[in-house]
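Asker: First the structure, which I've put down as structure tokens, then a few questions once you've had a look.
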Amino acid sequence: MKPGLAAAAAVLLAAATPISPHRLDEYLQATLIAVEKNRVAVQVRLTPGVAVLPFVLAGIDTNADGAISESEQRVYAQRVVRDLSVTGDGDRLRPSLVSMKFPAIGEMKDGIGEIQLEFSADLSRNGAHRRLVFENHHQSRIAAYLVNCLVPRDPDIRLIAQNRNDSQSFYQLDYVQAGVRSDALSLAWWSGGRGWLGTAALLLFARLAMLWRSAPKRGTMR
């Protein structure tokens, strides 16, 4: 195991909390963010509880034929994009869909189906002190939001502060960026466990899921 992954795993294991029963009446939306010098990558994993699945599914399987076609997947993914707001140093960014993965409806009915969406957006070259703001408003009445940022793999980028509101629908990241190189961001590490960052993303998501399940139940969100 590489040193970076070992450290990440140690932190997550040390912070582990007991898992309580799965919440059936919320739509878990866990977001992981990765920043590079000229781009930001966003992965959103959406898991509907069994009690809210009929409502969620009605917005995905729009012809109600019991299957989610590729066109229905793409329409829903774009709907999620429209419900996200991402700004870099005050400039509104335009995330574009990179990949999407939808489970079978049977898996969703069993409470194990997870929708995985990946987006990216270009960042302008501004000063050394950067600020990224992410907001998620998708299905806010039934949503349970979680958001976190991966430690940058670029040594010229250093995270300074992370701030969230109580519901985690709002997330602000302040970081410092040095150097002038333009590095292309590869999203391969998001999937299939390719590279230590891919594994770290899975560990972070597992940690987010544990926090979500163990947190006190909230009232209806806005």
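Asker: Going through segment 10-64 one residue at a time, which ones are modelled with pLDDT under 90 and crowded, with 18+ Cβ neighbours inside 10 Å?
Answerer: Matches in segment 10-64: Arg23, Lys37.
Asker: For segment 65-83, which positions are more than 23 Å from Glu135 (Cβ to Cβ) and surrounded by fewer than 12 Cβ atoms within 10 Å (Cβ to Cβ)?
Answerer: Start the filter on segment 65-83 by keeping residues that are more than 23 Å from Glu135 (Cβ to Cβ), which leaves 65-73.
Matches in segment 65-83: Asp65, Gly66, Ala67, Glu70, Ser71.
One line per residue, one yes/no per condition, for (1) in contact with a Pro (Cβ under 9 Å, 6 or more places away or on another chain); (2) open to solvent by less than 40 Å² (accessible area, probe 1.4 Å); (3) of a type in the set (Ser, Thr, Tyr); (4) without any contact (Cβ under 8 Å) to a residue 40 or more places away in the chain:
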{"residue": "Ser85", "(1), (2), (3), (4)": "no, yes, yes, no"}
{"residue": "Ser96", "(1), (2), (3), (4)": "no, no, yes, yes"}
{"residue": "Ile112", "(1), (2), (3), (4)": "yes, no, no, yes"}
{"residue": "His138", "(1), (2), (3), (4)": "no, yes, no, no"}
{"residue": "Tyr145", "(1), (2), (3), (4)": "no, yes, yes, no"}
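Asker: Still on this model: Pairs under 7 Å by beta carbon, first residue surrounded by 14 or more Cβ atoms within 10 Å (Cβ to Cβ) and part of a loop (DSSP other than H, G, I, E, B) in segment 173-185, partner at pLDDT 95 or above and not hydroxyl-bearing (Ser, Thr, Tyr), six or more apart or different chains?
Answerer: Pairs found: Leu185/Ala41.
Asker: Something else now. Going by the conditions given, is Gly127 open to solvent by 20 Å² or more (accessible area, probe 1.4 Å) and not in a loop (DSSP other than H, G, I, E, B)? So that I can check it myself, show each step before the final result.
Answerer: Numbers: open to solvent by 20 Å² or more (accessible area, probe 1.4 Å): yes; not in a loop (DSSP other than H, G, I, E, B): no.
The answer is no for Gly127.
The values are calculated or read from the model by the stated rules, or taken from the named source; none is laboratory data. Source: prediction; values computed, not measured. Cβ coordinates were reconstructed from backbone atoms using ideal geometry, including for glycine residues, and neighbour counts include every protein chain displayed. Please note that ligands, DNA and RNA were not included when accessible areas were found on the heavy atoms of the full protein model with its side chains. Shrake-Rupley method; radii C 1.70, N 1.55, O 1.52, S 1.80 Å.
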